[in-house]
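Reading through the structure tokens given below for one structure.
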Amino acid sequence: MLHTLKTYFGYDSFRPQQEEIIRHLLQKKDALVLMPTGGGKSICYQIPALLCEGTAIVISPLISLMKDQVESLCTNGIAAAALNSNNDETENMQIRRSCMEGKLKLLYISPEKLLAEANYLLRDIHISFFAIDEAHCISQWGHDFRPEYTQLGILREMFPRIPIIALTATADKLTRQDIVKQMRLRKPRIFISSFDRPNLSLTVKRGYQQKEKSKAILDFIERHRGESGIIYCMSRNKTETVAQMLRKNGIRAAIYHAGLETERRNQAQEDFINDRVQVVCATVAFGMGIDKSNVRWVIHYNLPKSIESFYQEIGRAGLPSDTLLFYSMADLILLTKFATESGQRDINLEKLHRMQQYAEADICRRRILLNYFGEQRTHDCGNCDVCKNPPERFDGTIIVQKALSAIARTNQQVGTQMLIDILRGNLNAELKEKEYHQLKTYGAGRDIPARDWQDYLLQMLQLGYFEIAYNENNHLKITPAGSDVLFGREKASLVVIRREETKDKKQNKYRKVVSTPQLPLAGIETGEEELFEALKALRKRLADEEVLPAYIVLSDKVLHLLVQQRPTTIEAFGNISGIGEYKKRKYGQAFVELIRRFV
Ligand code: ADP
Ligand code: ZN
């Protein structure tokens, strides 16, 4: 096993669990594997595929992901192909023939194609095992349900003797049970890796409006100069406005969403992978399976719809990295509407609720995340905003009373925006028409900026002083707990709002504390930088010759190792982690020659 790992993938040792999983599969037993994104799931079935007789069938939901995996296997000298609707017929014929001749070690296939081929091609070839990638797609309880996955259950019936390994990066307890049941796994062993990624910092910012978000994002990117990052947005429109805002400020940004033509999407992805743009503004669809080692930050412009989505998206960043999430009442209202109108109202509302709890937490955020995935922690992480800056509280009774009193005086007929206008004394047409400017509380909260009201109102919602009537134009309704504060029976304790950005300007203090100088070239002295650039150029030339993305030829990580170790013989080149036999023979000469010129 270790020999195969070294020969084909160029790695010296297995990561936790990989070896056990491989051994288990070699014994022809079923398994369910839970490993976070980037944990190294693929090797768990790719090595058994190489060691078993026959062809391993890998079911994968995304064509782009399949393409990536197959290219990467082929550049390691492993016979693999993908059958999907993107291929033309001659291509598919060829693949079918190779399968029948037993030439392929791995065949990637989409679920639709699999069902279509189940009675034909699959009957005629020697299958070593089935691997179901992104297995959570089978479960309605999973966050990325795909109806075509549900039919995969028939595999067991049709091929009772062939083992099945199901793999996923995100599955809570219910999803796990559902995968086992629907795939009809036989006494599967369940392998769960830790989901903890301690070097991923976690920060949430509450109640920011668009302008403030833009400013916070620019500050954030300024602190991550030269580092790639992703901004996830809820809508296609938003990806465009955010990208425009960035470009106006001199930051190279691309957009990526399902509404774009495939060609433009691929272009965006390639520009990002090859560092032609620094930022991608994307909807959730972006980033599955991309292997880009210098992604150093992820921003969520809007609240994600579930913790699974959130965790998977921040998982696209390498280590160490910073993540930032914006949380606003408007997002919450919109996502609640989506969840309510979805086919699975209760499930989606519950998932959103858990996400909301995360965003509102005043205890260590990592503990909440890990707890969600079934890992209990007894210690705070020290690398989230709550741990770094524990919330300070103050007696906010008067603030709460002002807000609740304004709600009460409108007969509870206003939403947050109107409420803030009343409190701030902003006269607008609707307000005037409803005569809210006659209310006693009109302008009573003028001393507090609107953005802070947004924050306090979110806190009040979290404390249960009012509820949002989603079925009544999102009007705010005072709860009994709210009444207690309003009528002076209870006190209300609020969290002090901190806005580091303003401090930043004056003292430049924040910058020093938070900035992580993790430039892609960090630690590389001059001269070394030139070598790195030269290696990159060579990689690009070789990749272009084969029409492959550059990172498939060699990853950035490998390039960094080359700069550090400067191998001057092909043998030494082959000893670099991530370079297997095949790449050694194919690329060794060219790279070694280049490095020699530098040494
Ligand atoms: P996942 O599918 O779990 O998101 P991948 O299988 O794509 O993760 O692996 C993530 C990265 O880790 C890949 O670049 C892979 O080559 C690398 N990797 C996997 N196993 C090892 C290992 N044993 N040693 C070093 N790198 C590894
Ligand atoms: Zn923490």
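The values are calculated or read from the model by the stated rules, or taken from the named source; none is laboratory data. Small disclaimer: the values here were computed from a predicted structure and weren't measured. Glycine gets a Cβ as well: all are built from the backbone with ideal geometry, and neighbour counts include every protein chain shown. Calculation scope for accessible area: heavy atoms of the full protein, side chains included, ligands and nucleic acids excluded. Shrake-Rupley method; radii C 1.70, N 1.55, O 1.52, S 1.80 Å.
Return yes or no: is LEU349 aliphatic (A, V, I, L, M), open to solvent by less than 50 Å² (accessible area, probe 1.4 Å) and within 16 Å of ligand 2 (Cβ to nearest atom)?
Working: aliphatic (A, V, I, L, M): yes; open to solvent by less than 50 Å² (accessible area, probe 1.4 Å): yes; within 16 Å of ligand 2 (Cβ to nearest atom): no.
No: the conditions fail for LEU349.
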Identity of the residue in the stretch 319-333, farther than 25 Å from LEU494 by Cα and open to solvent by 20 Å² or more (accessible area, probe 1.4 Å), that ends up nearest to ligand 1 (Cβ to nearest atom): LEU319
Search result, residues across the stretch 352-370 that are open to solvent by 50 Å² or more (accessible area, probe 1.4 Å) and within 12 Å of ligand 2 (Cβ to nearest atom): ASP362, ILE363, ARG367
Where GLY38 falls short, out of the listed (1) within 9 Å of ligand 1 (Cβ to nearest atom); (2) modelled with pLDDT of 95 or more; (3) not hydroxyl-bearing (Ser, Thr, Tyr): (2)
Looking only at the stretch 2-25, and only at residues there that are under 21 Å from ILE552 (Cβ atoms) and of a type in the set (Val, Ile, Thr), the one that is farthest from ligand 1 (Cβ to nearest atom): THR7
Strands (runs of 3 or more DSSP E) within the stretch 112-228 that include 1 or more residues closer than 28 Å to SER328 by Cβ: 200-206
Residue within the stretch 381-393 that is open to solvent by less than 40 Å² (accessible area, probe 1.4 Å) and more than 30 Å from PRO320 (Cα to Cα) present: no
Residue selected from the stretch 114-135 under the condition within 32 Å of the chain's Cα centre (by Cα) and modelled with pLDDT under 90, by the criterion most open to solvent (accessible area, probe 1.4 Å): ALA116
Those residues of the stretch 92-110 which are without any contact (Cβ under 8 Å) to a residue 24 or more places away in the chain and either open to solvent by less than 80 Å² (accessible area, probe 1.4 Å) or within 30 Å of VAL284 (Cα to Cα) (or both), in sequence order: ASN92, ILE95, SER98
ASP291 being more than 20 Å from GLY38 (Cα to Cα) and modelled with pLDDT under 95: no
The stretch 398-455, residues that are acidic (Asp, Glu) and open to solvent by 50 Å² or more (accessible area, probe 1.4 Å): GLU430, GLU433, GLU435, ASP447
Those residues of the stretch 414-453 which are in contact with a Leu (Cβ under 9 Å, 6 or more places away or on another chain) and closer than 24 Å to LEU334 by Cα, in sequence order: VAL414, GLY415, THR416, MET418, LEU419, ILE420, ASP421, ILE422, ALA450, TRP453
Sole exception among (1) surrounded by 19 or more Cβ atoms within 10 Å (Cβ to Cβ); (2) over 26 Å from LEU352 (Cβ atoms) for ALA171, by number: (2)
Given (1) modelled with pLDDT of 90 or more; (2) not assigned by TED's automatic domain parsing to the domain that holds GLY588, index of the condition THR568 fails: (2)
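Going by the conditions given, is GLN417 assigned by TED's automatic domain parsing to the domain that holds GLN462, closer than 21 Å to LEU463 by Cα, within 39 Å of the chain's Cα centre (by Cα) and not in a helix (DSSP H, G or I)?
On the way: assigned by TED's automatic domain parsing to the domain that holds GLN462: yes; closer than 21 Å to LEU463 by Cα: yes; within 39 Å of the chain's Cα centre (by Cα): yes; not in a helix (DSSP H, G or I): no.
Spelling it out, it is not the case that GLN417 is assigned by TED's automatic domain parsing to the domain that holds GLN462, closer than 21 Å to LEU463 by Cα, within 39 Å of the chain's Cα centre (by Cα) and not in a helix (DSSP H, G or I).
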Residue ID - least open to solvent (accessible area, probe 1.4 Å), chosen from residues in the stretch 458-483 that are in contact (Cβ under 8 Å) with a residue 24 or more places away in the chain and in a loop (DSSP other than H, G, I, E, B): TYR465
Odd one out for ILE307 among (1) touching a Phe, Trp or Tyr at 6+ places or on another chain (Cβ under 7 Å); (2) more than 16 Å from ligand 2 (Cβ to nearest atom); (3) of a type outside the set (Lys, Arg): (2)
Selection count, the stretch 334-357, where residues are touching a strand residue (DSSP E or B) at 6+ places or on another chain (Cβ under 9 Å) and under 17 Å from GLU472 (Cβ atoms): 1
Number of positions in the stretch 214-252 that are in contact (Cβ under 8 Å) with a residue 12 or more places away in the chain, open to solvent by 10 Å² or more (accessible area, probe 1.4 Å) and among the small types (Gly, Ala, Ser): 3
Pairs, first over 21 Å from TYR311 (Cβ atoms) and open to solvent by less than 90 Å² (accessible area, probe 1.4 Å) in the stretch 15-39, second within 16 Å of ligand 2 (Cβ to nearest atom) and in a helix (DSSP H, G or I), C-beta under 8 Å, six or more apart: none
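From CYS74, CYS52, grab the single residue that is more than 22 Å from ALA171 (Cα to Cα) and without any contact (Cβ under 8 Å) to a residue 12 or more places away in the chain.
Values: CYS52 fails: without any contact (Cβ under 8 Å) to a residue 12 or more places away in the chain.
On inspection, the qualifying residue turns out to be CYS74.
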Tabulated pairs, the stretch 344-369, first without any contact (Cβ under 8 Å) to a residue 60 or more places away in the chain and within 16 Å of ligand 1 (Cβ to nearest atom), second open to solvent by less than 50 Å² (accessible area, probe 1.4 Å) and small (Gly, Ala, Ser), C-beta under 6 angstrom, 6+ apart or interchain: none
Residue ID - farthest from the chain's Cα centre (by Cα), chosen from residues in the stretch 174-196 that are surrounded by 18 or more Cβ atoms within 10 Å (Cβ to Cβ) and not hydrophobic (A, V, I, L, M, F, W, C): PRO188
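So that you can scan it fast, the table gives a plain yes or no per residue for (1) over 28 Å from LEU457 (Cα atoms); (2) assigned by TED's automatic domain parsing to the domain that holds ILE21; (3) more than 17 Å from the chain's Cα centre (by Cα):
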{"residue": "GLY207", "(1), (2), (3)": "no, no, yes"}
{"residue": "ILE230", "(1), (2), (3)": "yes, no, no"}
{"residue": "MET234", "(1), (2), (3)": "no, no, no"}
{"residue": "LYS238", "(1), (2), (3)": "no, no, yes"}
{"residue": "THR241", "(1), (2), (3)": "no, no, yes"}
{"residue": "ARG247", "(1), (2), (3)": "yes, no, yes"}
{"residue": "ALA253", "(1), (2), (3)": "yes, no, yes"}
{"residue": "ALA258", "(1), (2), (3)": "yes, no, no"}
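ALA537: of a type in the set (A, V, I, L, M, F, W, C) and surrounded by 13 or more Cβ atoms within 10 Å (Cβ to Cβ), yes or no?
Values: of a type in the set (A, V, I, L, M, F, W, C): yes; surrounded by 13 or more Cβ atoms within 10 Å (Cβ to Cβ): no.
It is false that ALA537 is of a type in the set (A, V, I, L, M, F, W, C) and surrounded by 13 or more Cβ atoms within 10 Å (Cβ to Cβ).
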